[in-house]
Amino acid sequence: MLSLNNAIKLKAKAPLLLHSFTLPTTKITLAFRSVSTPLNEIALSLNTTTSNTIPFLPSPFLRCRAAMTTAACVQVKEQIELTETEKKIFDRLLNTLRHFNLQTQLRVAGGWVRDKLLGKECYDIDIALDNMLGSEFVDKVQEYLSTTGEVAQGLAVIPSNPEQSKHLETARMRLFDLWIDFVNLRCEDYRINGVFFSFLSLFYNINTNLVEDFTKRGLEDLKFGRIVTPLPPKATFLDDPLRVLRAIRFGARFDFTLDEELKKAAACDDVKTALAAKISRERIGTEIDLMISGNQPVKAIDYICDLTLFWVVFSLPPKVEPAVSEECYRLSAAYLDASWKLIQLIGCSNFDVSNENVKEIFLFSPQDEQRRLCLYSALFLPLRSDAYKDRKDKKIPVVNYIFRDSLKRKASDADTVMNIHKSLEKFLSLIPSLLSNEDIQLTEVDWGREFDDVHFTSKLRVLTGFLLREIKDFWRVALLISTLLYPTGTECSQDIIDKHFQLDKRKNIFVSVDNAIVKLGLEKVWDLKPLVNGKDIMNVLQLKVGGPLVREWQQKALSWQLAHPSGTAEECLDWMKETHSKRIKME
């Protein structure tokens, strides 16, 4: 028998499931109970120091111990620790129950419970009600708050939409600057049938301060990092195909393992067809954006590739020219992997050297936005030259279609990524000279006639300046992507992939070119104010109205300014007058 040095008082008819190790000098204050246990029959007092022995090992825990030899445990907290804001929110909800004498159980659903047990903060609180609609309860909360002088904010009701796999009406309100969603789980068995991953079957009962494991395996799967569906995975996915992408996102985010049966179901044709037909593109795009913005974007996209979902998610328009290879997704995944690793090698501070607080840059905008669009640029790099014709027979880039139609992302994302792709050819032509600081060769790229008169000794600074003015804050992103293609004409091949793109060399190229641009004083060149304006140019050219000629001379004046960083407005105007006079004489 196991020795017990604890004083345990139990008033429960059903067995208590204690899903945690009892280690030396550990104080246990939270129990996980079976769903069959009546709430009012449970009391636990376990408040003394333990010995080296494990005092209580019900069968699920024994299975957990046996599994330790083959699976790595995830650190799971023994109790949920509420923040002060959460305490205030839950206190208001419980006071509402007391005020109206409601016999309603309030349970916070899986995602918040999962994150809390993993020691992570979560600001997404979804509360399940057992005997009333969310809209009814929100009205009660609002009425109660009015008696205390408080005001509820942001009240709204989101109706159910079974066609889009949204089966339940949701009521929403804002308490203490946090959005709270309320939904009715009227049917007892819906708590199992409606939970699509076992670790999301964990509920936190606000009434009793207990965590409830309705599938009786949620905590174990959470502890061992398994993505498993309580019901057959194919049926679970056909009910709501978006769950496939959520399984991938959770697996990548928490470094969990996808169950083998789950993977087979996710890759089957029926589920892929349902995902494409049943789920709105906005919802798919939101999941993908969360993956790309998350902590493991490469792992998420690898899952998508392995489950043959790439072209379902990133659907292509008809009649793409040139035709996209079926295996192109492998190159996309390889470029994403290389860019992600290169970002780590280079260091996040290179994305915004103007801000001294490097940690803040890394965690928040604008750096996160740059990282996100950098990864999208790498992911769609193999498609950068592909286009299709719209109804007006106009050629549209495929990348534009993916962002706007396949993922329903904002137009600015598509524009930024396409601008980055468009800049790559010019960047590649500049890299050799920026590395060597030698005269620039422009045999392969057409920069435009306005640069023909620029002296060769200044051409590197002028052209680099104009390029950076085109892409502005994202020039370092464009440089990073360019290094994956350097030298000019290099394309991703299996040989390069096997050598991991020789990332150390590409990191050195990035750092050297970055330093050269900073040395030229161009890192914020788009903020450069022109020395002369349109009116000045019209006076020199003796024009009464503006037009293309004025715009041409504005470009020429800016070229002169970049070539003469210490020049004055008067010197620039003198140069314009002299150059204009020579042109008139030649004509």
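The values are calculated or read from the model by the stated rules, or taken from the named source; none is laboratory data. Just so it is clear, the structure is predicted and the values come from calculations on it, not from any experiment. Cβ coordinates were reconstructed from backbone atoms using ideal geometry, including for glycine residues, and neighbour counts include every protein chain displayed. Side chains included, ligands, DNA and RNA excluded: accessible areas come from the protein's heavy atoms. Shrake-Rupley method; radii C 1.70, N 1.55, O 1.52, S 1.80 Å.
Just a few scattered comments:
- Note on the range 114-136: residues that are over 15 Å from residue 81 (Cβ atoms) and acidic (Asp, Glu) amount to 4.
- Qualifying position, being touching a residue at least 24 places away in the same chain (Cβ under 8 Å), of a type outside the set (Gly, Ala, Ser) and farther than 22 Å from residue 421 by Cβ, among 336, 331, 345, 316: 345
- Of all residues in the range 211-245, those being more than 20 Å from residue 287 (Cα to Cα), assigned to a loop (DSSP other than H, G, I, E, B) and either β-branched (Val, Ile, Thr) or open to solvent by 20 Å² or more (accessible area, probe 1.4 Å) (or both) number 6.
- Filter result (open to solvent by less than 10 Å² (accessible area, probe 1.4 Å) and assigned to a helix (DSSP H, G or I)) within the range 251-264: 251, 252, 262
- Inclusion of residue 308 among residues that are at positive phi and out of contact with any Leu (no Cβ under 8 Å at 6 or more places or on another chain) is warranted.
- Number of positions in the range 288-308 that are over 18 Å from the mean Cα position of the chain (by Cα) and surrounded by 21 or more Cβ atoms within 10 Å (Cβ to Cβ): 1
- Any hit, the range 139-153, residues being exposed (fewer than 15 other Cβ atoms within 10 Å of the Cβ), at pLDDT below 90, more than 16 Å from residue 95 (Cα to Cα) and in contact with a strand residue (DSSP E or B) (Cβ under 8 Å, 6 or more places away or on another chain): yes
- Residue 303 fulfils the conditions (1) over 24 Å from residue 254 (Cβ atoms); (2) touching a residue at least 24 places away in the same chain (Cβ under 8 Å); (3) touching a helix residue (DSSP H, G or I) at 6+ places or on another chain (Cβ under 8 Å) except for a single criterion, (1).
- Boolean, residue 102 is aliphatic (A, V, I, L, M), closer than 29 Å to residue 283 by Cβ and not assigned by the TED database to the domain that holds residue 250: no
- The lone criterion from (1) at pLDDT 95 or above; (2) within 22 Å of residue 247 (Cβ to Cβ) left unmet by residue 206 is number (2).
- Verdict on residue 94 being at pLDDT below 95 and either part of a helix (DSSP H, G or I) or surrounded by fewer than 16 Cβ atoms within 10 Å (Cβ to Cβ) (or both): no
- Selection status of residue 284, under 23 Å from residue 339 (Cβ atoms) and among the hydrophobic types (A, V, I, L, M, F, W, C): yes
- Filter result for residue 93 (over 30 Å from residue 254 (Cα atoms) and either charged (D, E, K, R) or touching a helix residue (DSSP H, G or I) at 6+ places or on another chain (Cβ under 7 Å) (or both)): yes
- Unmet criterion (only one of (1) within 26 Å of residue 74 (Cα to Cα); (2) of a type outside the set (D, E, K, R); (3) not assigned by the TED database to the domain that holds residue 91) for residue 277: (1)
- The listed residues are 389, 408, and the only one of them that is open to solvent by 50 Å² or more (accessible area, probe 1.4 Å) and modelled with pLDDT of 95 or more turns out to be 408.
- Every test in (1) at pLDDT 90 or above; (2) touching a helix residue (DSSP H, G or I) at 6+ places or on another chain (Cβ under 6 Å); (3) not acidic (Asp, Glu) is passed by residue 135 save one, and that test is (2).
- The single residue among 292, 248 that is touching an Asp or Glu at 6+ places or on another chain (Cβ under 9 Å) and either at pLDDT 95 or above or assigned to a loop (DSSP other than H, G, I, E, B) (or both) turns out to be 248.
- Candidates 341, 319, 272, filtered to the one that is on the phi > 0 side of the Ramachandran plot and either open to solvent by 60 Å² or more (accessible area, probe 1.4 Å) or not in a loop (DSSP other than H, G, I, E, B) (or both): 319
- Test for residue 415: is it at pLDDT 85 or above, assigned to a helix (DSSP H, G or I) and open to solvent by 20 Å² or more (accessible area, probe 1.4 Å): yes
- Considering (1) modelled with pLDDT under 90; (2) touching a helix residue (DSSP H, G or I) at 6+ places or on another chain (Cβ under 6 Å); (3) not aromatic (Phe, Trp, Tyr); (4) not assigned by the TED database to the domain that holds residue 419, the lone condition that residue 497 does not fulfil carries the number (4).
Conditions (1) modelled with pLDDT of 90 or more; (2) outside any loop (DSSP other than H, G, I, E, B); (3) over 28 Å from residue 277 (Cα atoms), marked per residue:
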| position | (1), (2), (3) |
| --- | --- |
| 168 | no, no, no |
| 171 | yes, yes, no |
| 174 | yes, yes, yes |
| 179 | yes, yes, yes |
| 188 | no, no, yes |
| 191 | no, yes, no |
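- Scanning the range 110-132 for residues that are open to solvent by 30 Å² or more (accessible area, probe 1.4 Å) and either among the small types (Gly, Ala, Ser) or within 23 Å of residue 169 (Cβ to Cβ) (or both) gives 119, 123, 124, 126, 130, 131.
So that you can scan it fast, the table gives a plain yes or no per residue for (1) open to solvent by 20 Å² or more (accessible area, probe 1.4 Å); (2) assigned to a helix (DSSP H, G or I); (3) basic (Lys, Arg):
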| site | (1), (2), (3) |
| --- | --- |
| 536 | yes, yes, no |
| 544 | yes, no, yes |
| 554 | yes, yes, no |
| 571 | yes, yes, no |
| 576 | no, yes, no |
